[in-house]
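K.L.:
Can you read through this structure? Questions will come right after.
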Amino acid sequence: MTSIIGVVRTGLWTLLLMCSLALLTLPTLAQTEDPAVSLPIDQDAQDDTFQAPVIVDGHELFVLRGSSALPAIERVTHVQDRIIEIAAGSKSKTVEITYEDTDLGIKILADGTEISLVTQADAELDQMDISVLAALQGDAIRDAVLAYRSERTDEARVTGAIEAGMWTIGFAVFSVLIIWLRRRFKLGINAIVRRNFAEVETATNAQVQADAIAALIRFGVNFILLVLFFLGAYYYLSFILLAFAETRYVAQILLTYVTEPVLNIILGFVAYLPNLITLLIIGLLTQYVIKGMRVFFDAVEAETFRLRDFEKHWINPTFNIARTIIILIALVFSFPYIPGSDSAAFQGLTILIGAMLSLGSNSVVGNVLAGLFVIYRRSTSMGDRIQVGEHIGDVVQIKLMETHIKSIKNELISIPNAQLMNSEVINYSKKIDGSGLLLHTTVGIGYEEPPEKVEAMLIEAAHRTKDLKARPVPFVLWTALADYAINYQINAYTTRGASIPRIKSDLHRNIMAVFTENDVQIMTPSYIADPPEAKIPPKAWDGQLAHMDDT
């Protein structure tokens, strides 16, 4: 109920505002009684004189020419005043138009009163004989006087009042219909949205709110109804003013302000229909081609079609690139058919947007190009374990702008593709010769230990480590003869690149166990002096941790 009252109140305020503007306009018209004063003046380019139309009750009768001594506006004002004076001075249904030849031209008289003087300049302006022009202007004056009198009779005023009453009844019915439609649409939209979006709302755990969608649709419908109501009120006021002769000119102005733009829009839309049909055809063809490409790439992904040396993770990026190219080609073909595309403003806006994009998107374009190289250069694929700088992780997504990797600590790291292109990338998942990755670690052992024994212990530790291959056999390298120890490097192959941190941890654990079993002290990372006893665990751990109560 409150919403209905609000709509009615808004409509009444709008109608009151329009009536106030119309009443404020009437005194001005009554004082001047010259609707032509506010009209623009057209300048004659040939002799630098002016011309203006004679208008009575909103109807243009004919055009008069002025001179430097008597401007067209003043001449037109005198003629209009005389016509209105003659028309208002009598209620007769006839008027006698007579003509009188003078040295200056032909005078036109109405009931013996001079109305206008047709000069040779006027005849030259209309490009006809002066007598013919005088007869035509006389007929126009006669019709204007008779029309002025007939529209101000008691019968005409009663007819205008009846017409105004009918328009008022029609506007009341129209307002009630708008209010009824608003209520009906509100109930119908709520029911439809709740019925169609209830399952979606449940499935997405209330992420899609049916009430919000209904409110958005209601807002759009209410806006359309409000626009229709304001248009109805505007035309209602115009037709009310049009029913009476005194306000008819104001009504014609109001109708011109709205009707002309609306008609221009409608006519422009009708004239644009061929271009619109062309755009629709281009859009449908583009959509059809894109769907065909999608079917083809889906078949490639399902291995129905096999493309030589075409990797599977290239499918979606290649489809997106091809789709972008097709859309750009369609835009090029569509550009000439876009409204206003040939205007200087549209072209200037296009140049401005292009300049802004070119100046502000250098890094963006660089990352996009780097992303294409990352996708197609075969060095990095989805699921690979890679190392970029200090970051190690599995590739989870390669985008045009950035690459996402999941670190070994389960962190999502976003690396710009430009950085990926300019950095050294270590790929632990790519197979080179079939042997796998060569995992290695270094220990320092004193010079007193037999090197053969140390090498055997390191190889034994490698054999004990899970996921290190027995073939090719592990081997030991001497990496340095340090001050106090020999640095031995154990090397073993593995095909588990994604498990390197665990494998290396197990290898270190097994090296410690083997060296402890053989009473050999590991001197890495530094050595100061030989202790009285070797720094090795004296006995095996019983598996129990000490507690405060035990101490």
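The values are calculated or read from the model by the stated rules, or taken from the named source; none is laboratory data. Worth saying up front: this structure is predicted, and the values here are computed from it rather than measured. Every residue, glycine among them, receives a Cβ derived from its backbone with ideal geometry; neighbour counts consider all protein chains shown. Only protein heavy atoms, including side chains, enter the accessible area calculation; ligands, DNA and RNA are left aside. Shrake-Rupley method; radii C 1.70, N 1.55, O 1.52, S 1.80 Å.
K.L.:
Those residues that are closer than 18 Å to L133 by Cβ and buried (at least 17 other Cβ atoms within 10 Å of the Cβ), I need them from region 83-120; list them, please.
P.N.:
The answer is I83, I97, G105, I106, I108, L109, A110, I115, S116, L117, V118, T119.
K.L.:
Please tell me if S92 is more than 57 Å from the chain's Cα centre (by Cα) and hydroxyl-bearing (S, T, Y).
P.N.:
Yes, satisfied.
K.L.:
Scan region 121-137 residue by residue and report those that are open to solvent by 30 Å² or more (accessible area, probe 1.4 Å) and within 20 Å of D81 (Cβ to Cβ).
P.N.:
none
K.L.:
Related question: Can you name the number of the only condition in (1) closer than 30 Å to D483 by Cα; (2) among the hydroxyl-bearing types (S, T, Y); (3) open to solvent by less than 80 Å² (accessible area, probe 1.4 Å) that T380 fails?
P.N.:
(1)
K.L.:
How many of the residues making up region 390-425 are touching an Asp or Glu at 6+ places or on another chain (Cβ under 8 Å) and open to solvent by 30 Å² or more (accessible area, probe 1.4 Å)?
P.N.:
Result for region 390-425: 4.
K.L.:
State whether one or more residues within region 436-452 are within 31 Å of the chain's Cα centre (by Cα) and modelled with pLDDT under 85.
P.N.:
No, region 436-452 has no match at all.
K.L.:
Here is a follow-up. Got a number for residues in region 138-147 being open to solvent by less than 50 Å² (accessible area, probe 1.4 Å) and either under 13 Å from I115 (Cβ atoms) or touching a Pro at 6+ places or on another chain (Cβ under 9 Å) (or both)?
P.N.:
5
K.L.:
A follow-up question, please. Quick check on my filter: what residues within region 165-196 are aromatic (F, W, Y) and either open to solvent by less than 40 Å² (accessible area, probe 1.4 Å) or in contact with a strand residue (DSSP E or B) (Cβ under 8 Å, 6 or more places away or on another chain) (or both)?
P.N.:
Scanning region 165-196 gives a single hit, F171.
K.L.:
Related question: Please enumerate the residues belonging to region 286-320 that are more than 22 Å from G383 (Cα to Cα), without any contact (Cβ under 8 Å) to a residue 24 or more places away in the chain, outside any loop (DSSP other than H, G, I, E, B) and not small (G, A, S).
P.N.:
Across region 286-320, the qualifying residues are Q287, Y288, K291, V295, F296.
K.L.:
Also: Tell me, which strands (runs of 3 or more DSSP E) wholly within region 409-527 include 3 or more residues that are closer than 30 Å to V368 by Cβ and of a type in the set (A, V, I, L, M)?
P.N.:
Here the list reads 412-416.
K.L.:
Determine which single condition Y234 fails, assuming it passes every other condition in (1) touching a residue at least 60 places away in the same chain (Cβ under 8 Å); (2) open to solvent by less than 20 Å² (accessible area, probe 1.4 Å).
P.N.:
(2)
K.L.:
Write out, first by first residue and then by second, each pair whose Cβ atoms fall under 8 Å of each other, whose residues are 6+ apart or on separate chains, and whose first residue, in region 321-335, is open to solvent by 80 Å² or more (accessible area, probe 1.4 Å) while the second is in a helix (DSSP H, G or I) and not β-branched (V, I, T).
P.N.:
Taking only residues 6 or more apart or on different chains, the pairs are R323/M293.
K.L.:
Evaluate the following for Y249: is it part of a helix (DSSP H, G or I), touching a helix residue (DSSP H, G or I) at 6+ places or on another chain (Cβ under 7 Å) and open to solvent by less than 80 Å² (accessible area, probe 1.4 Å)?
P.N.:
yes
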